[in-house]
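> Questions regarding the structure given below will be posed in turn.
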Amino acid sequence: MNRILKITDHFSIDVNRAPEDDLIACSHCGLIKIDDLFWAHMEKVETLRIRCGFGIRMTCGYRCKEHNDAVGGATNSLHLHFATDLQPWKSNDNHLNLMCEMAASMDFDGIGKYDSFVHLDSRGLLDRPQARWDYRSR
């Protein structure tokens, strides 16, 4: 029996998937922290998806410490609480730029720009200051 945990209209968790295929939960341990930060952040991600008007996929959500260490994540990475790395289904620079502009207009606290994805987090809910960074190669 396939069990889907619907998070928002456009994002869900398939509890029968292998952990490495479920990109909201940790691909290392299969766990996820579902708390107020998670719900507040996912509500904003859903709003971003609707405002952008194109499909967005999550490439990373929650990470346990072991997974974060294995991928070289920052010691205080927001992925250890909950953050999202997102990319348009049909990746192109225009869609990535639009996602960044929309995220900034929606007051996401952490916005990181990369060549193929955008990192978004809600660090203000953890009393962390706003952060912006751009690690694009071009």
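The values are calculated or read from the model by the stated rules, or taken from the named source; none is laboratory data. Bear in mind that the values here come from a model prediction, so they are computed numbers and not experimental data. A quick note on method: Cβ atoms are made from the backbone with ideal geometry, for glycine too, and the neighbour counts reach across all protein chains shown. Note: areas computed on protein heavy atoms with side chains; ligands, DNA, RNA excluded. Shrake-Rupley method; radii C 1.70, N 1.55, O 1.52, S 1.80 Å.
> Roughly how much of W133 is accessible, in Å² to the nearest 10, using a 1.4 Å probe?
Near enough 60 Å² of accessible area.
> Show the residues, 5+ positions off or on another chain, whose built amide H is closer than 5 Å to the amide H of T59.
Long-range HN contacts for T59: D85, L86, Q87.
> Run the helix sum for the chain: -39,500 (n - 2.57) per DSSP H stretch of 4+ residues, divided by residue count, reported at 222 nm to the nearest 500 deg cm²/dmol.
-8000 deg cm²/dmol
> Still on this structure, I have one more. Scaled to the compact-protein estimate 2.2 N^0.38 Å, what is the alpha-carbon radius of gyration of the stretch 44-126, rounded to two decimal places?
Rounded to two decimals, the normalised Rg is 1.06.
> Of V45, V118, V71, which is the most mobile in a GNM of the chain whose springs link Cα atoms less than 10 angstrom apart?
Maximum fluctuation in the GNM of the chain, among the listed residues, is at V71.
> Tell me, what HN-Hα J-couplings in whole Hz come from the Karplus equation 6.51 cos²θ - 1.76 cosθ + 1.60 at θ = phi - 60° for each residue of the stretch 108-116, using x for Gly and Pro?
4, 6, x, 9, x, 9, 10, 4, 10
> So, one more: Long-range amide H contacts for A131: which residues qualify at under 5 Å (H placed 1.01 Å from N, peptide plane, sequence gap of 5 or more or a different chain)?
Hits under the 5 Å cutoff: G110, I111.
> Using a 1.4 angstrom probe and counting only protein chains, how large is the accessible area of C100 in Å², to 10?
So the heavy atoms of C100 present about 10 Å² to solvent.
> In nm, to one decimal, how far is the modelled label at W89 from the one at Y114, with both set 7 Å along Cα→Cβ?
Roughly 2.2 nm, to one decimal.
> On to the next question. Taking all protein chains in place and a 1.4 Å probe, what share, in percent, of the accessible surface of the chain do carbon and sulfur account for?
Carbon with sulfur: 49 percent of the solvent-accessible area.
> Right, next: For the chain, what is the accessible area per residue in Å², given a 1.4 Å probe and the full set of protein chains?
Result: 56 Å² of accessible area for each residue.
> Among the lysines, which fall within straight-line cross-link reach of K113, defined as a Cα-Cα distance under 21 Å, with same-chain neighbours fewer than 8 residues apart omitted?
Straight-line reach from K113, under 21 Å: K44, K90.
> Any idea what the relative contact order of the chain is, in percent, if you count C-alpha pairs under 8 Å spaced at least 6 apart?
18
> Please identify, among G112, G72, G55, the residue showing maximal mean-square fluctuation in a Gaussian network model of the chain using a 10 angstrom Cα cutoff.
G72
> Long-range amide H contacts for F117: which residues qualify at under 5 Å (H placed 1.01 Å from N, peptide plane, sequence gap of 5 or more or a different chain)?
Residues meeting the criterion, in which the H sits 1.01 Å from N, do not exist here.
> Straight distance only, please: which lysines reach the Cα of K65 with their own Cα at less than 18 Å, same-chain residues fewer than 8 apart left out?
Those lysines meeting the cut-off are K33.
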